[in-house]
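*Asks:* Handing you this structure, nothing more for now.
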Amino acid sequence: MIDTKVISGESKWNVKNGLVMLLPHGYDGNGPEHSSARLERFLQLSDAPDAPSEERDGDILKQTNIVVANCSTSAQYFHLLRAQMRRTFLKPLIVMSPKFLLKFRGCNSDLEDFGEGLRFHKVIED
């Protein structure tokens, strides 16, 4: 269903969607609800044309099937969801963050990180 409807719906039937799927990518608990979401499979399904650069990000996002992201802070998660809502085009968003990051103190963000004019960063420097 994900391959047919969500990933290739735009290219096959010209049906666009802005679905957001929150999937854990690791075995960070017990039971089937904590199993791997197969990150490598979603990266293959994204079908990105080539490596993105800052000036061509919008063009690459328009050509890809889905957006796959991993958020390591709460501010990054906020800005990613905000960007998904503000785009002028629809693409499914797959968030592959492990659930333990929701409670991990090292991933907390300051209130200033949610401010106006800030955005999602593809890579956060150490």
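*Asks:* Considering only residues that are in a loop (DSSP other than H, G, I, E, B) and either of a type outside the set (A, V, I, L, M) or at pLDDT 80 or above (or both), which ones fall in the stretch 32-69? First the steps, then the outcome.
*Replies:* Applying the first criterion (in a loop (DSSP other than H, G, I, E, B)) to the stretch 32-69 yields 35-38, 47-53, 64-66.
Result: 35, 36, 38, 47, 49, 50, 52, 53, 64, 65, 66.
*Asks:* For the stretch 70-89, name all the residues that are in a loop (DSSP other than H, G, I, E, B) and surrounded by 14 or more Cβ atoms within 10 Å (Cβ to Cβ).
*Replies:* Kept after step one, since they are in a loop (DSSP other than H, G, I, E, B), are these residues of the stretch 70-89: 70-73, 87-89.
Result: 70, 71, 72, 73, 87.
*Asks:* Step by step: first the residues of the stretch 94-123, then only those that are among the aliphatic types (A, V, I, L, M) and surrounded by 10 or more Cβ atoms within 10 Å (Cβ to Cβ), then the one that is nearest to residue 80 (Cα to Cα). Which residue is that? Give the steps one after another, and end with the answer.
*Replies:* In the first step, residues of the stretch 94-123 are kept if they are among the aliphatic types (A, V, I, L, M); the result is 94-96, 101-102, 111, 118, 123.
Still in the list and also surrounded by 10 or more Cβ atoms within 10 Å (Cβ to Cβ): 94-96, 101-102, 118.
Working: 94: 11, 95: 9, 96: 12, 101: 16, 102: 15, 118: 11 Å.
Out of the qualifying residues, it is 95.
*Asks:* Under 8 Å between Cβ atoms, which residue pairs at least 6 apart in sequence (or on different chains) link something in the stretch 99-126 that is part of a loop (DSSP other than H, G, I, E, B) with a partner that is surrounded by 10 or more Cβ atoms within 10 Å (Cβ to Cβ) and β-branched (Val, Ile, Thr)?
*Replies:* 108/73; 109/73; 124/73
The values are calculated or read from the model by the stated rules, or taken from the named source; none is laboratory data. Bear in mind the structure is a predicted one, so any value in this text is a computation, not a measurement. Glycine also receives a Cβ, built like all others from the backbone with ideal geometry; neighbour counts cover every protein chain displayed.
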